[in-house]
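Peer 1: Would you mind keeping the following structure in view while I ask a few things?
The values are calculated or read from the model by the stated rules, or taken from the named source; none is laboratory data. All values reported here derive from a predicted model rather than from experimental measurement. For neighbour counting, all protein chains shown are included, and Cβ atoms are generated from backbone atoms with ideal geometry for every residue, glycine included. Only protein heavy atoms, including side chains, enter the accessible area calculation; ligands, DNA and RNA are left aside. Shrake-Rupley method; radii C 1.70, N 1.55, O 1.52, S 1.80 Å.
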Amino acid sequence: MISTKQIALFSAFMVTALFAQTLYISPAMDLALSVYEPFYAVQPMRPGEIGLFRVAGASSTIQIVSFEIAPTITLEQVFLATRQDFMKERSFGAMRIANLNCLFRWFSIETDRVVQSFQLIFLRSGKAYVLSYFAPEEEFHRYLVPALLTVCSLKGPVWFNYVSEKYGYRMNVHQPFEPAQSEEGEIGSFVALQDKKAGYIQIVQEKLPRRMKVTEYAEFVEKNTLEKLNGYRSLSSGQNLVEGNEFFWRIFTFAQSGTVLKALQAHAVFDDVAITLTYLATEQSFEQFLPAAVATMFSFKM
């Protein structure tokens, strides 16, 4: 017989399988998010931890910490207070998720090895929440997209704020991205401008001669388009099922007119139509808009 105590313990860390993602609810029932493969939930171990997620056979980790704050404390104050001397901060920015104002930072930690990290911070109901992705340098890009999908999947009031009646799709565009004038061949484009940096999201579609799996189409695009780019280099790739849609994604770099550009490209196939969403920025500006780009691109519905 299962005791009341066992039921309570199970409920405190409720994990529900949803296809290739998992719904995680924190012990205090104050935080819910989707955990994307290959991350899986493990028992939190440190004081203040309300969520801990790892990758089998790897060191990459997502950690969620929360703590109570005074009513007068601001998000900016918490952001500054959580900055540590050992952090080598590369960039930081702001975005809005589930109707919450969030601040984020990218940084590295150098000890006997280099650890790369992304950190997202927000306030809600008298508490501060710090969500961090840590990975050794050699693993960082490999699990970056599912890590950002997890961190940016906070549950709350969500609505699709961009609808294309002409092409039959909708998506949730996250600031600082805004709709831009589409060029020939595009079915949608969005631009982000911040701190003299720029990021661009392009959406194109292709009518397929036959039904194809998304992996097959992604291989076709890489062979016939990406590999022809000057200095093309694939950094990582993978697949994730996001709210019923299967995406294949790839992070890569290439050179154009003496400038190194970095891109995240995601493919999805809907019947006989292939959709390609590409986020593009200079290598120096890539991280500035990546969280908003991931949240925007993978919200695509058709």
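Peer 1: Is segment 183-193 home to any residue that is touching a strand residue (DSSP E or B) at 6+ places or on another chain (Cβ under 8 Å), of a type in the set (Asp, Glu) and modelled with pLDDT under 95?
Peer 2: Looking for residues that are touching a strand residue (DSSP E or B) at 6+ places or on another chain (Cβ under 8 Å), of a type in the set (Asp, Glu) and modelled with pLDDT under 95, one finds at least one in segment 183-193, hence yes.
Peer 1: Of the numbered conditions (1) over 30 Å from Arg96 (Cα atoms); (2) open to solvent by 40 Å² or more (accessible area, probe 1.4 Å); (3) out of contact with any helix residue (DSSP H, G or I) (no Cβ under 6 Å at 6 or more places or on another chain), Thr282 fails exactly one; give the number of that condition.
Peer 2: For Thr282, the exception is condition (1).
Peer 1: While we're here: Please go through (1) open to solvent by 90 Å² or more (accessible area, probe 1.4 Å); (2) in contact with a Gly (Cβ under 8 Å, 6 or more places away or on another chain); (3) among the aromatic types (Phe, Trp, Tyr) for Phe104 and return the number of the only condition it doesn't satisfy.
Peer 2: Single failed check for Phe104: (1).
Peer 1: So Thr111 passes all but one of these: (1) surrounded by fewer than 13 Cβ atoms within 10 Å (Cβ to Cβ); (2) β-branched (Val, Ile, Thr); (3) modelled with pLDDT of 95 or more. Which condition number does it fail?
Peer 2: (3)
Peer 1: Residues to consider are Ile201, Ile187; find the one that is under 24 Å from the mean Cα position of the chain (by Cα), of a type in the set (Val, Ile, Thr), within 15 Å of Phe286 (Cβ to Cβ) and open to solvent by less than 100 Å² (accessible area, probe 1.4 Å).
Peer 2: Of the residues listed, the single one that is under 24 Å from the mean Cα position of the chain (by Cα), of a type in the set (Val, Ile, Thr), within 15 Å of Phe286 (Cβ to Cβ) and open to solvent by less than 100 Å² (accessible area, probe 1.4 Å) is Ile201.
Peer 1: How many of the residues in segment 128-137 are over 16 Å from the mean Cα position of the chain (by Cα) and at pLDDT 95 or above?
Peer 2: Going through segment 128-137 one residue at a time, the tally reaches 3.
Peer 1: With the condition kept exactly as written, say whether any residue in segment 140-162 is in a strand (DSSP E or B) and farther than 28 Å from Gly188 by Cα.
Peer 2: Looking for residues that are in a strand (DSSP E or B) and farther than 28 Å from Gly188 by Cα, one finds none in segment 140-162, hence no.
Peer 1: Yes or no: segment 211-227 includes at least one residue that is at pLDDT 95 or above, in contact with a helix residue (DSSP H, G or I) (Cβ under 7 Å, 6 or more places away or on another chain) and either open to solvent by less than 90 Å² (accessible area, probe 1.4 Å) or not hydroxyl-bearing (Ser, Thr, Tyr) (or both).
Peer 2: Checking segment 211-227: not a single residue is at pLDDT 95 or above, in contact with a helix residue (DSSP H, G or I) (Cβ under 7 Å, 6 or more places away or on another chain) and either open to solvent by less than 90 Å² (accessible area, probe 1.4 Å) or not hydroxyl-bearing (Ser, Thr, Tyr) (or both).
The rows are residues; the columns are (1) of a type in the set (Ser, Thr, Tyr); (2) open to solvent by 60 Å² or more (accessible area, probe 1.4 Å); (3) assigned to a strand (DSSP E or B).
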site	(1), (2), (3)
Ser34	yes, no, yes
Met45	no, yes, no
Leu52	no, no, yes
Ile62	no, no, yes
Phe67	no, yes, yes
Ile73	no, yes, no
Val78	no, no, no
Arg83	no, yes, no
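Peer 1: Then there's this: Here is a check on your reading of the model: is Ala268 closer than 25 Å to Phe107 by Cβ, under 22 Å from the mean Cα position of the chain (by Cα) and open to solvent by less than 10 Å² (accessible area, probe 1.4 Å)?
Peer 2: no
Peer 1: Just a yes or no: is a residue in segment 87-95 touching a strand residue (DSSP E or B) at 6+ places or on another chain (Cβ under 9 Å), touching a residue at least 60 places away in the same chain (Cβ under 8 Å) and crowded, with 18+ Cβ neighbours inside 10 Å?
Peer 2: Yes, segment 87-95 contains at least one residue that is touching a strand residue (DSSP E or B) at 6+ places or on another chain (Cβ under 9 Å), touching a residue at least 60 places away in the same chain (Cβ under 8 Å) and crowded, with 18+ Cβ neighbours inside 10 Å.
Peer 1: What pairs come up if the first residue lies in segment 231-255 and is among the β-branched types (Val, Ile, Thr), the second is in a loop (DSSP other than H, G, I, E, B) and open to solvent by 50 Å² or more (accessible area, probe 1.4 Å), and their beta carbons are under 7 Å apart, counting only those six or more places apart or on different chains?
Peer 2: Cβ pairs passing all conditions: Thr253/Glu283.
Peer 1: Follow-up. Counting only residues that are of a type in the set (A, V, I, L, M) and open to solvent by 10 Å² or more (accessible area, probe 1.4 Å), which one in segment 121-148 is nearest to His267 (Cα to Cα)?
Peer 2: Val130
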